[in-house]
Amino acid sequence: MKNLVLKMTTLALLSANLYAGNGTFSISLVNMELDYTETDVYGNFADSENSNSILGFELGYGLDLSCSNYGCSNLEFNFSGLTGNSNYDGFKIKTGEPYQGTTFNILYDFSVDYTMKKEFSAIDLIYGAGAGYHAWYRELSSIQNELYSWFYITPIVGVSKELIDNFNIGVIAKYKYGIAPTMIANSISDEFKLGSANTFELSIPVEYSYTDEVNFFIEYIYSRQVIKRSNFLSGYIDGDYYENIYEPDSRTNDKYIKIGASIKY
């Protein structure tokens, strides 16, 4: 599946270059506020991860394709990588005693979005679709780590408006539908098949055109992710054998701030 997505992405990029107009490179610094909570089968609190600052970057490459009566089309590739610690609040597996600690996190995301922009007198309409791959590595201790990952597809809809000369603001919504989401724990031989992993994302980008070639931007993103309970497995944790182990329901309410620049050619 990963090889297929890579081949399709490469083909799309090569094909787009045959008839693309302008291209744009972008880079931004990213700060993420993590707010993650798991609940057990009865809906009770299981554990949480919180952090005010998980830092990283995003690289982007966009291609202006063609214009028609439906608007002007754009193909955009983005890769982001974030890393940092979060505060864990939960319970010890063996004793059930309350436990607080620190978790090391790595998050990365690759996406391809195809959008159309239709200009009207009062406002510009943005619509399209995208696909991507998302992964989150959690290292709760030296002997316990987990990797969540899935592909996703997403509809895209939004609006943008030039408020004053050279300043543009937008509001863009995405619903990322997770495909075959899984979680792998180092202590369990089989992978957990998550019930679902879907994300609603609302972004507010503000862009300043410094020159015709150089833009500066800042973007606020609110992301709500919902993961449904996995299947049940059995295995060893810290040397003890457990039955009916599962990855519980979880919710995240994350916030991102991106600050960066783009160069057109």
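Could you list, in sequence order, the residues of the stretch 122-159 that are among the polar types (S, T, N, Q) and modelled with pLDDT of 95 or more? If the condition is that a residue be among the polar types (S, T, N, Q) and modelled with pLDDT of 95 or more, then Ser149, Thr154 are the ones that fit. Output yes when any residue across the stretch 108-118 is among the hydrophobic types (A, V, I, L, M, F, W, C), assigned to a strand (DSSP E or B) and more than 20 Å from Phe200 (Cβ to Cβ), and no when none is. Among the residues of the stretch 108-118, at least one is among the hydrophobic types (A, V, I, L, M, F, W, C), assigned to a strand (DSSP E or B) and more than 20 Å from Phe200 (Cβ to Cβ), which makes the answer yes.
Could you tell me whether Leu202 is open to solvent by 50 Å² or more (accessible area, probe 1.4 Å), closer than 30 Å to Tyr99 by Cα and part of a strand (DSSP E or B)?
Working: open to solvent by 50 Å² or more (accessible area, probe 1.4 Å): yes; closer than 30 Å to Tyr99 by Cα: no; part of a strand (DSSP E or B): yes.
The answer is no for Leu202.
Listed by first and then second residue, the pairs with beta-carbon distance under 9 Å, at least 6 apart or on different chains, first residue in the stretch 36-48 and more than 14 Å from Ser230 (Cα to Cα) and open to solvent by 40 Å² or more (accessible area, probe 1.4 Å), second aliphatic (A, V, I, L, M) and outside any loop (DSSP other than H, G, I, E, B), are Thr37/Ala46.
Taken residue by residue, the stretch 133-140 has at least one member that is surrounded by fewer than 16 Cβ atoms within 10 Å (Cβ to Cβ) and part of a strand (DSSP E or B).
Out of all the residues in the stretch 80-96, which are part of a loop (DSSP other than H, G, I, E, B) and either open to solvent by less than 90 Å² (accessible area, probe 1.4 Å) or modelled with pLDDT of 90 or more (or both)? Can you show your working first?
At the first step, the residues of the stretch 80-96 found to be part of a loop (DSSP other than H, G, I, E, B) are 92-96.
Correct list: Ile93, Thr95, Gly96.
Table: residues versus (1) at pLDDT 90 or above; (2) within 30 Å of Gln144 (Cα to Cα).
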site: Ala12; (1), (2): no, no
site: Ser26; (1), (2): yes, no
site: Leu63; (1), (2): yes, no
site: Glu76; (1), (2): yes, no
site: Thr102; (1), (2): yes, yes
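Looking across the stretch 176-211, just one residue is acidic (Asp, Glu) and under 14 Å from the mean Cα position of the chain (by Cα), and that is Glu201.
Can you tell me which residue within the stretch 206-237, out of those that are open to solvent by 90 Å² or more (accessible area, probe 1.4 Å) and outside any strand (DSSP E or B), is farthest from Glu58 (Cα to Cα)? Checking each candidate, the answer is Phe232. Residues of the stretch 238-254 that are open to solvent by 40 Å² or more (accessible area, probe 1.4 Å), touching a Phe, Trp or Tyr at 6+ places or on another chain (Cβ under 6 Å) and touching a residue at least 40 places away in the same chain (Cβ under 8 Å): Tyr246 alone. Scanning the stretch 238-254 for residues that are assigned to a strand (DSSP E or B) and of a type in the set (Ser, Thr, Tyr) yields Tyr241, Tyr242, Ser250, Thr252.
The values are calculated or read from the model by the stated rules, or taken from the named source; none is laboratory data. Please read all numbers here as calculations on a predicted model, not as lab measurements. Don't worry about glycine lacking a Cβ; one is built from the backbone with ideal geometry, like all the others, and counts go over all protein chains shown. Each accessible area value is taken on the protein alone, full model and side chains, heavy atoms only, with ligands, DNA and RNA left out. Shrake-Rupley method; radii C 1.70, N 1.55, O 1.52, S 1.80 Å.
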